[in-house]
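Novice: This is the structure I have questions about; it appears just below.
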Amino acid sequence: MLLTRRLPGLLYTYRYTVYSIVILLCTFVSFLFKWNILCMNIQAWQHVKKMCNLYEQGVAIGSLCAPLCITRDIHSLTCHSFEATKEAVFSAEWHNIRLVFKSVPKDLQAIHWFDNNVIKYPTEKEFLTTIRTIVKNKLNLTLAYDTAVRLSRLKPTYEEKNKEKRHKEMDNLWFLLQDNEYLLSTLFTDKDVFPQLLGTCGPYFAVEYLEPVPDISSLLTISDSREDWGKRLKVGMQILDLLDELETGFREPFYLCDIKIQHFGFVKGGNKLKFIDLDGVLPKSVVNTIIKETERCERDDDCDFFDCRSRCNKKTRKCSAPVLNNNLQVVCEKIFLGWRMSTTVIVPGLLMSQHTPSELASILRQCANPEGVEGKPRTAPEAEIKKRLYDILSEIEQSVNNDFFL
Ligand SMILES: Nc1ncnc2c1ncn2[C@@H]1O[C@H](COP(=O)(O)OP(=O)(O)OP(=O)(O)O)[C@@H](O)[C@H]1O
Ligand SMILES: *[C@@H]1O[C@H](CO)[C@@H](O)[C@H](O)[C@H]1NC(C)=O
């Protein structure tokens with residue numbers, strides 16, 4: 001009571017301090033929005049409004065335009081933003097399916113051009129060649145003719161005969177195909193490691209929603225029960241399985257150059273783990289090309305493409321060509337072991353708990369830092385470490401989880 005009566009007086013006495021605090025707080029919150037750490041559902045609605053405007057103008061086409069803008073079957077918009085670099089990431093509900101909408105990068109050049117004020121489009125043949133060039137440049141893959149044809153259409157099996165509509169389709173596809181995430185989701189529909197593409201509308205596309213991995217390693221959870229430990233081990237095994245599919249399931253291994261626990265997710269109702277953020281998912285040879293393109297390096301850090309690391313040749317000041325670490329090394333370092341400052345674990349990772357046997361901890365350390373160097377490790381673990389990790393993990397996982405379910 002006393003405090004409430006004295007509060008106005010106190011506020012007045014310290015008014016400058018109070019003003020400063022309020023201003024600082026407002027600035028802080030506005031930066032949280034600016035950096036997309038916070039987001040509001042209103043931002044998701046603005047994107048839908050933009051999509052529907054483009055649709056009404058006849059610029060945007062795609063399977064999701066009508067359910068969004070006319071029948072309005074797509075509802076319950078929720079924004080998702082964890083320091084998102086993409087302009088739009090929000091989810092929505094459509095006949096009990098949860099979709100995640102993403103937008104392609106802005107400021108792309110259109111595929112049509114003007115010749116004496118007459119709008120021009122490439123021929124079908126030129127369009128196919130362009131698509132193959134994009135895929136070659138982005139993924140170092142040579143597309144089979146049928147695949148190129150499939151990619152050249154919004155509905156894979158429908159050929160648009162109307163010239164004007166076909167040109168709209170080309171305009172829309174052109175933007176989508178520049179996006180690595182769209183490209184991987186459409187190309188590898190049969191592989192079941194990337195989120196399924198569910199539809200598009202203009203420069204937006206939607207993929208299946210994946211359930212986040214229960215963020216057991218977060219600072220906020222204190223629980224360290226044996227049941228939780230069993231769950232963590234299971235997720236650990238599933239991550240190793242996913243890495244295996246990425247390494248052996250394609251013509252060339254795929255590298256995940258931006259690994260975080262938030263970038264893994266489960267298919268709804270299923271047990272299948274997939275990788276969410278495909279912007280940094282590239283075949284090895286493409287990662288090598290990116291690293292090689294670094295103009296000049298001073299330190300090893302200059303030769304990193306996010307989590308894909310190489311070394312700086314101190315003589316030539318060029319990055320040494322092949323990427324030196326691999327997915328397993330980063331997963332061991334950032335996901336399994338946790339966040340460390342030099343040698344001390346500060347935030348324990350997925351597989352670090354009071355239940356972690358010392359043998360597992362030792363293998364994890366060797367996997368995360370095969371050469372035991374100071375600073376960022378830049379070596380891939382040897383096949384033997386990989387096998388030992390797999391063996392010990394499946395052994396403990398089975399014994400812990402069998403205890404539970406018997
Ligand atoms: N298919 C999905 N299912 C569930 N959540 C998703 C999906 N796609 C994205 N998200 C959520 O939205 C967040 C941002 O999406 P995404 O990673 O694709 O964007 P980004 O701009 O590359 O962000 P960042 O790289 O900073 O995480 C993800 O970390 C994830 O939590
Ligand atoms: C593309 O892949 C092929 C086959 O794997 C490889 O020989 C070639 O060097 C790669 N090209 C580039 C530019 O990385």
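Laboratory data are not the source of any read-out in this text; all were calculated from the coordinates shown. Here the structure is a predicted model, which means the values were calculated and not measured. Here the Cβ positions follow ideal geometry from the backbone for every residue, glycine too, while neighbour counts run over all protein chains shown.
Novice: Return the subset of Lys125/Lys191; Lys138/Lys274; Lys138/Lys334; Lys165/Lys191 for which the Cα-Cα distance in this structure is over 23 Å, preserving the input order.
Specialist: As for pairs spanning more than 23 Å Cα to Cα, those are Lys125/Lys191; Lys138/Lys334; Lys165/Lys191.
Novice: Here is a further query. For the residue pair Thr147 and Glu395, what label-to-label distance in nm results when each label sits 7 Å from Cα along the Cα-to-beta-carbon direction?
Specialist: About 4.0 nm separates the two model spin labels.
Novice: Another one. Need one number: nm distance between label points at Lys165 and Asp190, each 7 Å from Cα along Cα→Cβ, rounded to one decimal.
Specialist: The answer from the label model is 2.9 nm.
Novice: If you don't mind, another one. List the relative contact order of segment 62-127 as a percent without decimals, with contacts defined as Cα pairs under 8 Å and 6+ residues apart.
Specialist: Relative contact order for segment 62-127 comes out at 18 percent.
Novice: What's the magnitude of the charge dipole for the chain around its Cα centre, counting Lys and Arg as +1 and Asp and Glu as -1 at the beta-carbon? Answer in Debye, nearest 20.
Specialist: Charge dipole of the chain: 1060 debye, to the nearest 20.
Novice: Counting Lys and Arg as +1 and Asp and Glu as -1, each charge on the Cβ, what is the dipole of segment 148-204 about the Cα centre in debye, to the nearest 20?
Specialist: Dipole of segment 148-204, to the nearest 20 debye: 280 debye.
Novice: Related question: Taking the highest mean first, how do the peptides 237-243, 327-333 order by number of other beta carbon atoms within 10 angstrom per residue?
Specialist: 327-333, 237-243
Novice: Which Cα, out of Ala368, His355, Leu389, lies furthest along the positive dipole direction of segment 337-397 (beta carbon charges, K/R +1, D/E -1)?
Specialist: Farthest along the dipole direction, towards plus: Ala368.
Novice: Just order 224-232, 59-67 by mean Cβ neighbour count inside 10 Å, highest at the front, would you?
Specialist: 59-67, 224-232
Novice: Highest mean first, how do 246-253, 274-281, 24-31 rank when packing is the count of other Cβ atoms within 10 Å averaged over residues?
Specialist: For the peptides 246-253, 274-281, 24-31, the packing ranking is 274-281, 246-253, 24-31.
Novice: Can you give me the relative contact order of the chain as a percent, contacts being Cα pairs under 8 Å and 6 or more apart?
Specialist: 11 percent
Novice: Select from the chain the helices, each a whole stretch of DSSP H, whose alpha-carbon atoms run 18 Å or more along the helix axis and whose Kyte-Doolittle mean is at least -0.5; answer none if there are none.
Specialist: Membrane-span-like by this rule: 15-34, 124-139, 383-405.
Novice: Another question about this same structure. For the chain, what does -39500 (n - 2.57) per DSSP helix run (n ≥ 4), summed and divided by total residues, give at 222 nm, in deg cm²/dmol to the nearest 500?
Specialist: -13000 deg cm²/dmol
Novice: Write down, largest first, the equivalent ellipsoid semi-axes of segment 212-400 in whole Å, where each equals the square root of 5 times an eigenvalue of the alpha-carbon gyration tensor.
Specialist: After diagonalising the Cα gyration tensor, the semi-axes are 29, 19, 15 Å.
Novice: State to the nearest 20 debye the size of the charge dipole of segment 212-400 about its Cα centre, where the only charges are +1 on K and R beta carbons and -1 on D and E beta carbons.
Specialist: Around 380 debye, computed over segment 212-400.
Novice: Which are the unpartnered cysteines of the chain, meaning those with no other cysteine Cβ under 4.7 Å from their Cβ?
Specialist: Those would be Cys26, since no other cysteine Cβ in the chain comes under 4.7 Å of theirs.
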